[in-house]
Amino acid sequence: ELSGDAIPAGKPLLLCLFDIEQRPSRRFVKQLADQHDALRQKGLTVLGVQAAVTAADSFKEWKDGNPVPFPVGRLAEKADKTKWASEVESLPWLILTDGDRRVTAEGFSLDELEAKLKGLAK
């Protein structure tokens, strides 16, 4: 559901997989939204994906009631090409990529992000 133009080329990307049905995920997305400006200033693009299959109207209702400053999309159905997102160990789940879209870290906490970003700069 996210368009390709939501992802600028050559910049590191932080992808947050979450589930609006889970309180920890909702809280995590809010924390990420609160830190969004600081992350953008570090050259990081943030995207969110509702990784558990959710009805379009439920997702829209959540998005309308919880505006976030970064693009969010959802998995419309379970499919082989989306298995990487729908079958992660636990949500919320962060994935950090470098400017070449190589995964440099995943499954870490928001508190660990600063250290992971420093690792990218090397």
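The values are calculated or read from the model by the stated rules, or taken from the named source; none is laboratory data. Predicted model, so just to flag it, every value in this text is computed and none were measured. Quick reminder, even Gly has a Cβ in these numbers, built from the backbone with ideal geometry, and neighbours come from all protein chains shown. For accessibility, only protein heavy atoms count, side chains too; no ligands or nucleic acids. Shrake-Rupley method; radii C 1.70, N 1.55, O 1.52, S 1.80 Å.
Restricting the first member to the stretch 46-61 and to residues that are closer than 29 Å to Lys11 by Cα, and the second to residues that are among the hydroxyl-bearing types (Ser, Thr, Tyr) and open to solvent by less than 30 Å² (accessible area, probe 1.4 Å), the beta-carbon pairs closer than 6 Å and six or more apart or on different chains are Ala51/Ser86. All told, Phe108 meets the bar of being touching a helix residue (DSSP H, G or I) at 6+ places or on another chain (Cβ under 8 Å), more than 20 Å from Ile20 (Cβ to Cβ), open to solvent by less than 80 Å² (accessible area, probe 1.4 Å) and assigned to a loop (DSSP other than H, G, I, E, B).
The residues in the stretch 52-95 that are under 20 Å from Ala33 (Cβ atoms), among the acidic types (Asp, Glu) and surrounded by fewer than 10 Cβ atoms within 10 Å (Cβ to Cβ) can be counted, and the count is 1. Within the stretch 84-99, the residues that satisfy the criterion of being in contact (Cβ under 8 Å) with a residue 60 or more places away in the chain and either of a type in the set (Val, Ile, Thr) or outside any helix (DSSP H, G or I) (or both) are Val88, Leu91, Pro92, Trp93, Leu94, Ile95, Leu96, Thr97, Asp98, Gly99.
Going by what's in this entry, would Val103 be described as buried (at least 16 other Cβ atoms within 10 Å of the Cβ), at negative phi and in contact with a strand residue (DSSP E or B) (Cβ under 7 Å, 6 or more places away or on another chain)? In short, no.
Determine whether Ala38 is surrounded by 12 or more Cβ atoms within 10 Å (Cβ to Cβ) and among the small types (Gly, Ala, Ser). Against the criterion (surrounded by 12 or more Cβ atoms within 10 Å (Cβ to Cβ) and among the small types (Gly, Ala, Ser)), Ala38 does not qualify. Restricting attention to the stretch 78-114, the residues that are at pLDDT 80 or above, over 14 Å from the mean Cα position of the chain (by Cα) and not basic (Lys, Arg) total 7.
What number of residues in the stretch 68-105 are of a type in the set (A, V, I, L, M, F, W, C) and out of contact with any Asp or Glu (no Cβ under 9 Å at 6 or more places or on another chain)? Looking only at that region, the number is 6.
Residues of the stretch 16-34 that are assigned to a helix (DSSP H, G or I), open to solvent by 20 Å² or more (accessible area, probe 1.4 Å) and in contact (Cβ under 8 Å) with a residue 40 or more places away in the chain: Pro24, Arg26, Phe28, Gln31.
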